1. Could you calculate, for the stretch 96-182, the ratio of the Cα radius of gyration to the Kirkwood radius, expressed as Rg to Rh?
2. Show me, for the stretch 36-53, the HN-Hα J-couplings you get by feeding each phi into the Karplus relation (A = 6.51, B = -1.76, C = 1.60, θ = phi - 60°), rounded to Hz, glycine and proline as x.
3. Test of the criteria: in the stretch 155-247, which chymotrypsin sites (Phe, Trp or Tyr not before Pro) are in a DSSP loop and have at most 12 other Cβ atoms within 10 angstrom of their Cβ?
4. Gain in length, I216 to K27, computed as 0.36 nm per residue apart minus the alpha-carbon separation, to one decimal in nm?
5. With Kirkwood's inverse mean 1/r over C-alpha pairs for Rh, give me the Rg to Rh ratio of the stretch 190-297, two decimals please.
6. With charges only on Cβ, +1 for K and R and -1 for D and E, what is the dipole size of the stretch 96-182 about its Cα centre, in debye, rounded to 20?
7. At 20 °C and a viscosity of 1.002 mPa s, what translational diffusion coefficient does Stokes-Einstein give for the stretch 123-168, taking Rh as the Kirkwood radius over Cα pairs? Give it in µm²/s as a whole number.
Amino acid sequence: MFGKKKESDALDRYEDPLSGFSSTDLKRGIWYVEHRDLLKRIFMTCFIFFDIGFLGYGLWGWGSYMIVGYTQDKQNEAQSVAGFQNYAVQQARYEASDVQFGVPEVFQSADDVYDFVIDVDNPNERWVARVRYQFTYSGGMTEEREAILMPGVHQPMVVFGVGAVTRPSSVRFQPLSVEWRSIDPHAVFDIKGYLEKRNQFEVSDVSFTRAADADIGGDRLTFTLSNNSVFRYWTPQFFVELKDGQKRQGIALVTIDQLLEQSVRPVDIRLFGSNLFVTDVTLYPTINFFDQGAFME
């Protein structure tokens with residue numbers, strides 16, 4: 001009994017003279033050696049339980065996702081896709097749609113002289129088209145011509161004065177090239193309003209006189225052209241559609257010199273087509289309204 005106390009006292013007083021290893025360190029070392037196997041079993045048991053818990057949680061999570069979450073993800077994905085606008089449709093809005101051409105026609109404008117005509121539509125709201133074209137027919141082709149088409153315009157395109165001994169047949173229209181120019185919205189935002197303010201031409205007092213009735217050289221067509229806009233033009237040109245009722249009889253070209261704002265101008269045209277009769281006319285300006293050089297300052 002007294003021996004153990006002395007042994008314990010000796011252990012408490014122990015100190016390593018070389019490294020300063022104290023009695024407390026010695027006791028801890030002895031305790032670790034005695035309980036090392038127990039500590040190892042406790043650690044392994046905790047590790048196993050942790051792995052089982054982690055694996056179980058993972059399996060539960062995957063199972064829950066496959067049963068519920070996957071379906072929800074598909075629904076969310078479908079809703080997200082539906083929430084986005086179709087890029088292909090949006091892209092098309094920023095590209096020009098094709099110019100639409102009608103059926104070519106031929107009108108006799110004099111002896112052995114013919115005019116080739118086709119109606120054209122530019123369906124675009126912000127694009128100006130520059131079309132280079134010609135007509136072909138049995139035994140020949142016309143010269144190349146060029147037309148500038150304003151946004152949203154409907155108008156004829158014409159090749160005048162093609163000589164032919166007989167009336168051309170098997171007529172086909174050949175668009176050679178189409179170039180596009182987009183109107184910058186920062187420069188002109190309201191295209192329709194911009195054009196309406198400038199394209200304010202009106203026809204009145206249409207009169208047609210046959211050459212035989214008045215003993216004159218060629219049929220005579222007169223009318224009054226009014227520029228109701230506040231803009232003045234240097235040399236505006238117009239296609240004049242000649243109509244008998246609603247039926248087109250031909251196309252004439254008129255150039256006006258220095259057409260002032262809020263002004264009227266008498267127009268007198270001589271026509272040499274055979275059996276022609278005109279009751280009304282429609283004007284189609286060929287002005288490039290986006291070219292500032294067309295306007296007088």
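Just so it is clear, none of the values below were taken in a lab; they were calculated from the coordinates. From a predicted model like this one, the values you see are computed outputs, not experimental measurements. Here Cβ is always computed from backbone atoms with ideal geometry, including for glycine, and neighbour counts include all displayed protein chains.
1. Working: Rg = 13.6 Å, Rh = 13.4 Å.
Rounded to two decimals, Rg/Rh equals 1.02.
2. 4, 5, 5, 4, 5, 5, 5, 4, 5, 5, 4, 5, 5, 4, 5, 4, 4, x
3. Numbers: sites: F160, F173, W180, F189, Y194, F201, F208, F223, F231, Y233, W234, F238, F239; in loops: F189, F231, W234.
Within the stretch 155-247, the qualifying chymotrypsin sites (Phe, Trp or Tyr not before Pro) (loop, at most 12 other Cβ atoms within 10 Å) are F189.
4. Working: separation 189, 0.36 × 189 = 68.04 nm, distance 13.97 nm.
Contour length minus Cα-Cα distance gives 54.1 nm.
5. Radius of gyration relative to Kirkwood radius: 1.02.
6. Details: 7 positive and 12 negative charges, 44 e Å.
Dipole about the Cα centre, nearest 20: 200 debye.
7. Numbers: Rh = 12.4 Å.
Answer from the Stokes-Einstein relation: 172 µm²/s.
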